[in-house]
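The values are calculated or read from the model by the stated rules, or taken from the named source; none is laboratory data. Keep in mind that what you see is a predicted model, and the values were worked out from it rather than measured. Here the Cβ positions follow ideal geometry from the backbone for every residue, glycine too, while neighbour counts run over all protein chains shown.
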Amino acid sequence: MRDRVRVVVQGGGRRGRRGALARLLWVGAEAITTVGVVVALLVVHQVWWTNRQAVAAAQEQVRELEHAWGAGGGQRPGPGGGADVGAGAGAGAGGGDGDVPDVPVVEGASSGPGAGRGSAPAPGRSVGGGERPAPAPAPGREEAYAVLRVPRLGLTVPVAQGVDKRTVLDKGYVGHYPGTAQPGAAGNFALAGHRNAHGEPFRYINRLRAGDELLVDVRGRRYTYVVGKVLNETTERDTGVIAPVPHSTVRPDAGYAEAGSYITLTTCTPEYTSTYRLVVWGTLRA
């Protein structure tokens, strides 16, 4: 009888240990599931909601600028309609790189003749038959002062002074590199924009090809640039890409060698990373 009692007690102990282990595993599974749900919600917020907020705010800024310029900005629509269809083609439709930095780190490019408010090229005839507008004046820091339109991408986005993430780029704006030329001036009108999340205005600039138009509206004036070259990949330290005469210091065959009036678009590549930089260059149409 004692042996039987002892056997029953031992068996109960094993079942108790198994039960405790099962409960522990269940609690662990619930904890992992909860953490997964929280992470998923954070990703949805970063990828989807921040895009929606940035796109809406950016388009409101475009409307405010054009209202201030009078009668919708006094701008003719660009080729392909030029409608305000969002801060970037497909913006807010997904994608995002979480907390990975998305800012093109190509600051500190050389200044010099032609940078900043350099003298304008000789006036020429625009595609619409009018005189080329005079160069735009320099705006205040972090002020939205221009609108960039890219008909090929259906892109309409405000341009602000500076490339600070919090006050410019994360708002869905395109940022103008301080020290580079203003629209219409001799030198390089250099811009940066997010490729993923926060409005992702430059998500699809890899689709641009030679001959595509880049339209910059400032205070009722339009500056038409034409894409000339694309640098698919370079390092974040390639400061030559936003120099007055834009060129790559990493790839000597990429860029320009003569003074002129240029525009540069910079963003991160590949998508969802900030490993390299993608660069699009254009020249002011005479």
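Here are the numbers for the structure shown:
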| item | result |
| --- | --- |
| Residues being at pLDDT below 95 and surrounded by 19 or more Cβ atoms within 10 Å (Cβ to Cβ) - total across segment 239-253 | 0 |
| Selection count, segment 219-254, where residues are touching an Asp or Glu at 6+ places or on another chain (Cβ under 6 Å) and of a type outside the set (Val, Ile, Thr) | 1 |
| Any hit, segment 207-227, residues being buried (at least 23 other Cβ atoms within 10 Å of the Cβ) and without any contact (Cβ under 8 Å) to a residue 40 or more places away in the chain | no |
| Those residues of segment 161-176 which are crowded, with 24+ Cβ neighbours inside 10 Å and more than 18 Å from residue 222 (Cβ to Cβ), in sequence order | 163, 168, 169, 172, 173, 175 |
| Qualifying position, being in contact with a strand residue (DSSP E or B) (Cβ under 7 Å, 6 or more places away or on another chain), under 21 Å from residue 135 (Cα atoms) and of a type outside the set (Val, Ile, Thr), among 208, 169, 231, 191 | 191 |
| Where residue 209 falls short, out of the listed (1) in contact with a Leu (Cβ under 6 Å, 6 or more places away or on another chain); (2) more than 15 Å from residue 267 (Cα to Cα) | (1) |
| Meets criteria (outside any loop (DSSP other than H, G, I, E, B) and modelled with pLDDT under 80) for residue 49 | yes |
| Strands (runs of 3 or more DSSP E) contained entirely in segment 91-199, each with at least 2 residues that are modelled with pLDDT under 95 | none |
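Table: residues versus (1) out of contact with any Pro (no Cβ under 7 Å at 6 or more places or on another chain); (2) of a type in the set (A, V, I, L, M, F, W, C); (3) under 11 Å from residue 283 (Cα atoms).
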position	(1), (2), (3)
178	yes, no, no
187	no, no, yes
194	no, no, no
203	yes, no, no
208	yes, yes, no
234	yes, no, no
247	yes, no, no
